[in-house]
Amino acid sequence: MSNKLKGMIWLRGQATLANKSVFLQVLMPVFFILLYKFMFSLNGAGQKLGADRLATMLLNISLPFSLALAIGTPIIIILAEEREKHNLQSLRLAGVTAGQYILSALIWPVIIGIFYIIITPILVGAKLSNQVFSYGLVLLLTMLVLIFFFLMVGLLCKNQVMAQSLSVPAMLLVAFIPMFSNMSEDLFKVLRYSFLGLFTSYMRDWSHFHLWSGELLALVLWLLLFAGISFYLMRNLKVLDD
């Protein structure tokens with residue numbers, strides 16, 4: 001790992017800690033997960049659905065929202081702030097490549113995302129003893145796609161005002177796709193090939209889930225698309241600003 005890359009990773013960590021708004025968004029999903037669990041316990045959902053079914057429902061609701069809030073919005077805000085202050089152009093002039101910049105932008109979101117992938121089932125009481133491998137693989141792939149999705153959105157933002165305008169719709173899109181998929185079978189047939197389709201299919205019935213499927217192929221294609229657009233935007237940053 002080059003010194004430039006190490007320095008950028010360290011600076012991103014410091015920027016996250018220094019920005020109170022971003023740091024709060026990283027921690028907020030824990031509060032929302034506990035709030036969801038408390039709200040469902042008040043109306044007796046656990047007795048109606050059963051503890052296992054309720055835990056699965058909470059996972060389906062909490063995980064996309066947690067990842068969008070904890071890693072998605074901070075990515076957009078930090079990238080927009082760096083672009084508004086012309087830090088990106090300075091880094092490019094200093095010899096930082098598009099690959100180094102994007103890799104440095106991935107490290108902390110991946111760490112934060114893995115934390116929520118591990119902690120969320122514990123908080124909602126989900127039993128994953130027989131599903132640890134499939135759960136981890138599906139969520140890691142989904143998290144990677146989401147990071148590149150928000151990275152792409154962040155690179156499109158020229159300033160923080162634009163970032164605030166785009167971050168909310170992007171976060172809501174990620175949060176609501178799993179909900180819409182469960183509203184009807186017709187919606188599920190369409191949204192199963194979205195970038196959250198593999199996650200949605202897994203959460204519908206993980207006991208009969210098959211990884212090698214059309215949803216996995218669609219996820220890989222979405223990943224290549226978002227990553228390709230992100231690299232293109234980074235390499236053509238000066239042209240876009242002009």
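The values are calculated or read from the model by the stated rules, or taken from the named source; none is laboratory data. Only a predicted model underlies this, so the values are computations on that prediction, with no experimental measurement involved. Cβ sites come from the backbone with ideal geometry, for glycine too, and all protein chains shown count toward neighbours. SASA here: full protein model, heavy atoms, side chains in, ligands and nucleic acids out. Shrake-Rupley method; radii C 1.70, N 1.55, O 1.52, S 1.80 Å.
Numbers for the structure displayed
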quantity: Summed side-chain charge close to Arg12 - residues other than Arg12 whose Cβ falls under 15 Å, Lys, Arg +1, Asp, Glu -1; calculated: +2
quantity: Heavy-atom accessible surface of the range 112-184: percent carbon and sulfur, 1.4 Å; calculated: 76
quantity: Relative contact order of the chain, pairs being alpha-carbon contacts under 8 Å that are 6 or more residues apart, as %; calculated: 25
quantity: Cα shape, the chain, gyration tensor, a/c 1.5 rule; calculated: prolate
quantity: Listed residues Ser104, Ser207, Ser66, most fluctuating in the chain (Gaussian network, C-alpha, under 10 Å); calculated: Ser207
quantity: Accessible area (Å², per residue) of the range 80-187, counting only protein heavy atoms and a probe of 1.4 Å; calculated: 47
quantity: Using a Förster distance of 41 Å, the FRET efficiency for Glu185-His86 (Cβ separation, nearest 0.05); calculated: 0.25
quantity: Sites Leu225 and Leu128 - FRET efficiency at Förster radius 25 Å, r taken between beta-carbons, to 0.05; calculated: 0.25
quantity: Label-point separation in nm, Leu42 to Ile107, each point 7 Å along Cα→Cβ; calculated: 4.3
quantity: Convex hull volume per residue in cubic angstrom - Cα atoms of the range 174-228; calculated: 72
quantity: Full-stretch length increase - Ser213, Lys20 - with 0.36 nm per residue and alpha-carbon distance subtracted; calculated: 65.3 nm
quantity: Spin-label pair Leu27/Phe115, simplified geometry with 7 Å Cα→Cβ offset, distance in nm; calculated: 1.0
quantity: Spin-label zone in the range 48-83 - amide nitrogen under 17 Å from a point set 7 Å from the Cα of Gln164 along the C-beta vector; calculated: 73-83
quantity: 37 °C / 0.692 mPa s Stokes-Einstein diffusion coefficient of the range 137-212, Kirkwood radius on C-alpha pairs, µm²/s; calculated: 242
quantity: Solvent exposure ordering (accessible area, 1.4 Å, most first) of Glu215, Glu185, Glu81; calculated: Glu185, Glu81, Glu215
